[in-house]
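The values are calculated or read from the model by the stated rules, or taken from the named source; none is laboratory data. The structure presented is a predicted model; accordingly, all values stated were derived computationally and were not measured. Every residue, glycine among them, receives a Cβ derived from its backbone with ideal geometry; neighbour counts consider all protein chains shown. What goes into the accessible areas is simple: the full protein's heavy atoms, side chains included, and nothing from ligands, DNA or RNA. Shrake-Rupley method; radii C 1.70, N 1.55, O 1.52, S 1.80 Å.
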Amino acid sequence: MLIVMKHKLDCQILFTSSRLHLKNGTIQPMKKELPKAYEPGKYEPDILKLWQKANSFAPQKNAKGKPFSIIMPPPNANGSLHAGHLMFVVEDIATRYARMQGRPALWLPGTDHAGIETQVVYERELQKQGKSRFDLGQEKFYDEVWEFVEKHKGGILTQFQSMGFSADYSKLKYTLDEDVVEIVYDTFDKLHKDGHVYRGNRIVNWCSSCNSAFPDIELDHVERKDAMYTIDYGSIKIATTRPETIFADSAVAVNPNDKRYKDLIGKTATIPLINREIPIIADNLVDPKSGSGALKVTPAHDFNDYEIGLRHQLPEISVIDTEGKMINVPEEFAGLEVETARRLVIEALETAGKLVKVTPLTHAVAIHDRCKTVIEPLISEQWFLRIKDLNKPVIAAIESEKVVFYPKRFKKIALDWLAQEHDWCISRQNWWGIRIPVYYKTSNDPQKDTYIIAKNETEAESYYGKGNYRAETDIFDTWFSSGQWPFATLMSTGDFDTFFPTTLMGTARDILHKWVTRMIMFSLYRTGDVPFRDVYLWGLVTDEHGQKLSKSKGNYDDPMEITKEFGTDALRLALSIGITPGNDGKLSLEKIKGYRNFCNKLWNVARYTTAKLPDDFVLGDVKLETPADHWLVGRLNSAITSVTKNIEAYRYSEAGQTVYSLLWDDLADKYIEYSKSDLNPTMLAYGLDTVLRLLHPFAPFVTEAIWQQLWTNSNLITEHWPKVIHKPSTAEAKKFELQIIDILASKQKEADKVMAAKLQKELAAKQNLLQLIQAKLQNEAFVVNAPKDLVEGERAKEEHTKHEITQLEAKLARIKKTT
RNA sequence: GGGUGAUUAGCUCAGUUGGCUAGAGCGUCUCGUUUACACCGAGGAUGUCGGGGGUUCGAGUCCCUCAUCACCCACCA
């Protein structure tokens, strides 16, 4: 038995009007004067208010099902909605679906202080005033950025709400919230106690513009035209692209199996210009085929050389400082920028007759992904996380599918990365972020300063007594803190016990390594459990040509402008249908327009339906009266089953497509047309009811706007998910089904007959054509005299026609079998 | 160098464990303005599912191979 809702329509409309349009005082016209076209802008703000007033985004108190939760990837607190946030629609669909399933559903939103990104933005502001962060000092700079972010904070959340993102905004967290930072500090302390953290003087990627170290994963590579210089080292000739670093050489390495240099191993080479003698050593890392087969070893300025240096205990001589200037070099080069120094060193080498040859070379240069400055490897004191042991449980959890990736292929990609990840440099020399909670007790000899993990100086003193303390100035890599986001947020909102581990993490596939794997790592380390069960990774949203959306390219319309013109639902549908997990999704105005039309179709189905309902309409038990009723209920049932199944498997494109076709093809084009001659209002109402429910997670605004004009006094957002009714088990239903099958079959037969005749004709024509071609090709005069490509063309045509004939014959055979 | 994805109608893309007589939207052609909707309806055309090989009763789907494009990782003296 199905009882949907009972209400008198007229009363409902008055009620709805006052609710929807209270603020601007406009009165919703009566049902028959509803506008012909759905105007999203007229309804969306009110619908949003309706949901907010009902507190519908918070987990429903009476919900009894299994808790459902998503932690929102925190957007930059300081930013505004951009293409990168659009796919959050995926998380909203999941949340709305879970809510309708009767589960307590929490989508927890948060904002990110966005370390370097925001620092760069604010430094640009300072630049406009002719200042740099160094004029302010670390503390003042931090305070000013804090103020700056506070001022802009919130804009993005308003935009998220207007996208219909049904996150629980009352629980909003910020990455610099005190309680979150506290948890990050505890993690660091624990990691340190367990021996996973160390401070070391090691080679790092240095960005001289940001004045900070960065891990490999935050680098990009660009192709650059350069030259390779072969330099005379006395006993041996060496090829290099970095002649300015010859002063930092501590050895020359050759491959032990390289016959050319076998006798030189153990002897020395001489660095030109400074005439320093360095040993010639053997190391397997050297590729005999590369360059001259001899490698100058510069442990302080090259990652491979650093490794070789460690193996052979070579001295590490630094010749480039953190500003990117030359140091510890002959006076004429000291203080120069790297590029300038290179030019002058080459000139000097040439003058000294030590430059053997110059060959042009195109190679990839590492740059910092944020500021695009060329990265300089150099030795610096940093904090590192020993990653190998920490990653072991992560690998186990992914292998045993305690965390499941959608699409599946990312499982392997994540595992491959985890197995080879190097120790993670977690310190940054930036100023906007969470300061590493370390104090140094100063002594006369700075080399002998001892450090203590402490949140503040008082805490430090409780360990080492009164004295002079120096606070660590380095801050954490943003990913170090955001890696703890899932449990840190839930712990601080008090929802940990109910909602952890979370159900789903949806995020962009390009932060799989930086973020997803590290969340799993931190979570397993701190809580013993994975942070989420499922990971949905989406690709880039691009324009219709696959170009990244960007304002400078001019192919980017502000999403807010799009929604204003076509409606939020149209944009949301364009983002959910035809875009599959893991792949880039193309967005075009045409596509959005199409879904705007779809929303309008739905609107008009609702107009038609309400117009057909009698004034005293009561929707109760749905009785199947006409053959079309039986047909429709079958369509509805299979749509409910299929949409449910597809949403649960995160196949939103399939699910959306199914509802689309259910509304347009089945309900609108067929059932409504049929109903014009044989009307069953109850069935019509039931059809609309089901479509609205199924569509709500995808297009929340239009469905709710319609719902508010119907016979119900509830809100669709917290309504239940539709259930299959009238399973075709009754004899009556089967009878009608058979009838319909019969009708369809006889129609099919007729169509087949027509088709067969048509195919026969086509086949004859093709056979004729083939004969003509073959005759031509058998004509020797043609084959010999005609231009070659003409003959080739004929041959291709022959092949093609043959293929077509086989296809036609096969088709014909199939049709004949059925008739 | 290692890996992943894509290649399906003019365009943009779906196609889950092999069952497909290959779909959708847009575009195109023909016809149609009768009060749900022209942000519309009815009907039509268009496909060697990148090439080649294989497994199978059956392949768009699985395997091998080649090609092109995109991306990721590593390296680049």
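Between amide H atoms placed 1.01 Å from N, distances below 5 Å from residue A:173 occur with A:110, A:111, all of them 5 or more places distant or on a separate chain.
Using alpha-carbon pairs under 8 Å, 6+ residues apart, how would you state the relative contact order of chain A in percent?
Result for chain A is 15 percent.
Just to confirm the number: angle between the C-alpha axis of helix A:338-351 and the first principal axis of chain A, 0 to 90 degrees, nearest 10? Approximately 50 degrees, to the nearest ten. Summary value for the range A:546-678: 24 percent relative contact order, contacts being C-alpha pairs under 8 angstrom separated by 6+ residues. For the range A:270-325, the dipole from Cβ point charges (+1 on Lys and Arg, -1 on Asp and Glu) about the Cα centre works out to 180 debye, to the nearest 20.
Residue separation of residue A:423 and residue A:54 scaled by 0.36 nm, minus their Cα-Cα distance, works out to 127.9 nm of gained length.
May I ask you to order A:90-100, A:56-66, A:278-288 by the average number of other C-beta atoms within 10 Å around their residues, highest value first? Could you put the intermediate results ahead of the total?
Numbers: A:90-100: 24.5, A:56-66: 14.5, A:278-288: 17.0.
Order by mean packing, descending: A:90-100, A:278-288, A:56-66.
Amide hydrogen proximity for residue A:582: with H placed 1.01 Å from N in the peptide plane, the residues at 5 or more positions away or on another chain lying under 5 Å are A:537, A:538, A:539.
Peptides A:237-247, A:141-151 ordered by packing proxy, namely the average of other Cβ atoms within 10 Å per residue, highest first: A:237-247, A:141-151.
Among A:629-635, A:394-400, how do they line up by average Cβ neighbours within 10 Å per residue, starting with the highest? Intermediate values should be presented prior to the final figure.
Working: A:629-635: 21.9, A:394-400: 16.0.
With the highest mean Cβ count within 10 Å placed first, the list reads A:629-635, A:394-400.
Applying 1/(1 + (r/R0)^6) with r as the Cβ-Cβ distance of residue A:62 and residue A:560 and R0 = 35 angstrom yields a FRET efficiency of 0.50.
Whole-Hz Karplus values for the range A:578-586 come out as x, 10, 10, x, x, 9, 5, x, 9 Hz, taken residue by residue from phi with 6.51 cos²θ - 1.76 cosθ + 1.60 and θ = phi - 60°; glycine and proline positions read x.
Once Rh is set to the Kirkwood radius over Cα pairs, what Stokes-Einstein translational diffusion coefficient, in µm²/s, holds for the range A:168-281 at a temperature of 25 °C and a viscosity of 0.890 mPa s? Here the translational diffusion coefficient equals 126 µm²/s.
Across the range A:239-388, C-alpha contacts under 8 Å between residues 6 or more apart give a mean separation that, scaled by the residue count, equals a relative contact order of 22 percent.
Around the amide H of residue A:320, modelled in the peptide plane, lie the amide H atoms of A:327, all under 5 Å away and 5 or more residues distant in sequence or on another chain.
Per-residue Karplus couplings for the range A:673-679, computed as 6.51 cos²θ - 1.76 cosθ + 1.60 with θ equal to phi - 60°, are listed in order as 4, 4, 5, 5, 10, 8, 9 Hz, Gly and Pro entered as x. Once the Cα atoms are used to define both axes, helix A:9-20 deviates from the longest principal axis of chain A by about 20 degrees.
The DSSP beta bridges internal to chain A are antiparallel in roughly 70% of cases. In this rough spin-label picture, where each label sits 7 Å from Cα along the Cβ direction, the residue A:534-residue A:323 distance is 5.5 nm. For residue A:425, the accessible area of its heavy atoms, probed at 1.4 Å with every protein chain present, is near 10 square angstrom. Rolling a 1.4 Å probe across all protein chains gives residue A:50 an accessible area of roughly 20 Å².
Summed over the residues of chain A and divided among them, the accessible surface reaches 47 Å² per residue at a probe radius of 1.4 Å.
Potential lengthening of the chain between residue A:402 and residue A:767 amounts to 125.3 nm, from the contour at 0.36 nm per residue minus the alpha-carbon distance. In the frame of its principal axes, chain A has Cα extents of 102, 96, 50 Å, reported largest first.
Using a 1.4 Å probe on the protein heavy atoms only, what accessible surface does residue A:677 show? Give it in Å² to the nearest 10. Accessible area of residue A:677: about 100 Å². Of the solvent-accessible surface of chain A, computed with a 1.4 Å probe over protein heavy atoms with every protein chain present, carbon and sulfur atoms account for 52 percent.
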